[in-house]
1. At 1.4 Å probe radius, can you tell me the per residue accessible area of the range 84-243 in Å²?
2. Would you work out if the range 3-251 is rounded, prolate or oblate? Take a ≥ b ≥ c from the square roots of the eigenvalues of the alpha-carbon gyration tensor; rounded if a/c is under 1.5, else prolate when a/b is larger than b/c, oblate otherwise.
3. Just how much of His77 is accessible, in Å², when a 1.4 Å probe is used and the result is rounded to the nearest 10?
4. Accessible area of the range 65-104 with a 1.4 Å probe: how many percent of it is carbon plus sulfur?
5. Taking R0 as 25 Å, what FRET efficiency do you get between Glu213 and Glu91 from their Cβ-Cβ distance, rounded to the nearest 0.05?
6. For the range 153-262, just say rounded, prolate or oblate: build the C-alpha gyration tensor, square-root its eigenvalues into a ≥ b ≥ c, call rounded for a/c under 1.5, and beyond that prolate if a/b exceeds b/c, oblate if not.
7. Quick check on the range 1-111: what does the Kirkwood estimate of hydrodynamic radius come out to from the alpha carbon pairs, in Å?
8. As a check on your grasp of the helix formula, calculate [θ] at 222 nm for the chain: sum -39500 (n - 2.57) over DSSP H runs of n ≥ 4, divide by the residue count, round to the nearest 500.
Amino acid sequence: MAEVIIVNNEEAAGRIYAQCVADLIHSKPDCVLGLATGSSPLAAYQALAHEVKNDHLDVSHVRGFALDEYAGLDPSHPQSYRSTITRTVVEPLGLTPDLVHVPNGALSTIREAGYEYDRMIKAAGGVDVQILGIGTDGHIGFNEPGSSLASGTRIKTLTQQTREDNARFFDNDIDQVPTHCITQGIGTIMKARHLVLLAFGSGKAEAIAETVEGGVSAFCPASALQLHPHATVIVDEKAASKLRNKDYYRYAYEHKPAWQGI
Ligand code: GLP
């Protein structure tokens, strides 16, 4: 079962992630970061950029693998996940662009692209810390409900709900939101050595309760985290509001030895 940390706001969550990754970069300068898009990780990336600057961390050897990409959207499109990762992670952190990978959503090669992406992650030695957001329907990456919990990187059809949620990035016009994507599978994500899932706001409360305290089920893909040996779920009060065991999570975190980290 994941460790659940309840914080006051996104900035506090971001600081916890940033400390964990800064420690990792110190001990393994060519570490492999699993990267996610969406609004949930933004404060974490900002906090990490702050650590990098303040601690004069050398990030030139840090490698990265993003979770997913829209199918058939040109990488130069401002809402492609390639552009988003460049804007929100590579540039603010000063990572080496060639060391940061995003799945290839080009339609002509998409059938083989998933297999190739999993091969690249394996060749890099696997992901050290994978940051995750969560969709309102419990998806991680773009693994919609019903995704095999053993899946590798592959093409998926987006649900109407996800396209509605993401229309805000496409002039609020759902017709502009691609219908398909390429995403790391749940099986791929589960191979990362440490998973850090961030969720904020009441819109995520149900998905978080299902993820942490519901049954493990492809119906809530994020519930696979219950089977991971090192998963950390960091939520604000609103996203935690439907958790039954909240008091215990708080107590456990308050009494955690500082040396343990997350
Ligand atoms: C998209 C991404 C997910 C992300 C989700 C939630 O579907 N593919 O990786 O977790 O959005 O985004 P947000 O954090 O903006 O709520």
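The values are calculated or read from the model by the stated rules, or taken from the named source; none is laboratory data. Note that the coordinates shown come from a computational prediction; the quantities given were computed from them, not determined experimentally. Cβ sites come from the backbone with ideal geometry, for glycine too, and all protein chains shown count toward neighbours. Please note that ligands, DNA and RNA were not included when accessible areas were found on the heavy atoms of the full protein model with its side chains. Shrake-Rupley method; radii C 1.70, N 1.55, O 1.52, S 1.80 Å.
1. 42
2. rounded
3. Looks like 60 Å² after rounding.
4. The nonpolar share, carbon plus sulfur, comes to 53 percent.
5. 0.10
6. It comes out prolate by the Cα gyration axes.
7. The Cα-based Kirkwood calculation yields 14.8 Å.
8. -9000 deg cm²/dmol
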